[in-house]
Amino acid sequence: MQVDWSLIEALAETRAVDLWILFPLGQAVNRLLTKHEPPPEDWADALTRMFGTNAWRGEFYPKQVQQTLFGTEESYLKDADFERIGKFFVKRLKTVFAGVADNPLPLRNSRNIPLFLLCFACANPRGATPAIKIAQNILGK
């Protein structure tokens, strides 16, 4: 989680970089997403820096409204698994890169839990199609 979104944007703006990025899916991100409420502000700030937006809050913590005997009660429970977190990151990459591989490779531990997600993005619009095709082939193996 040491890579801020601003660096990813800067790489995309060069229109000359093919980026392989190791996204800390289970190693860091999932651990910061607490189950019964949104994470503390310092953790939330780290997630926002990494994703480049605070849209992750609505994506992973949808507002739930329940009627109780005492009125309406709002709550925010985590609604994100490894797949959903990974798809959100790939969607974010697509906002700045010309092409992004749709099949990132999960790197798992001995318990089959994904720790990282190996993602590929291409900044050059002219080379994006063949680069993505090659990367998806590599990631699919």
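Being in contact (Cβ under 8 Å) with a residue 12 or more places away in the chain, under 30 Å from residue 140 (Cβ atoms), touching a Gly at 6+ places or on another chain (Cβ under 7 Å) and of a type in the set (A, V, I, L, M, F, W, C) is the requirement here; does residue 88 meet it?
Taking the combined requirement at face value, the residue does not satisfy it.
Working only within the range 56-98, note down all residues that are surrounded by fewer than 17 Cβ atoms within 10 Å (Cβ to Cβ) and of a type in the set (A, V, I, L, M, F, W, C).
Correct list: 65, 69, 70, 77.
Here is a list of conditions, (1) within 23 Å of residue 48 (Cα to Cα); (2) assigned to a loop (DSSP other than H, G, I, E, B); (3) touching a residue at least 60 places away in the same chain (Cβ under 8 Å), and residue 120 meets all of them except one; can you say which number that is?
(2)
Go through (1) more than 22 Å from residue 136 (Cα to Cα); (2) assigned to a helix (DSSP H, G or I); (3) at pLDDT 95 or above for residue 54 and report which single condition fails.
(2)
Any residue in the range 104-118 that is over 17 Å from residue 20 (Cα atoms), in contact with an Asp or Glu (Cβ under 7 Å, 6 or more places away or on another chain) and modelled with pLDDT of 95 or more? Can you show your working first?
Step one: of the range 104-118, the residues over 17 Å from residue 20 (Cα atoms) are 108-114.
Filter once more, so that each one left must be in contact with an Asp or Glu (Cβ under 7 Å, 6 or more places away or on another chain): none.
Scanning the range 104-118 turns up no residue that is over 17 Å from residue 20 (Cα atoms), in contact with an Asp or Glu (Cβ under 7 Å, 6 or more places away or on another chain) and modelled with pLDDT of 95 or more.
The values are calculated or read from the model by the stated rules, or taken from the named source; none is laboratory data. None of these values were measured; they are calculated from a predicted model. Note: ideal-geometry Cβ built from the backbone for every residue, glycine included; neighbour counts use all protein chains shown.
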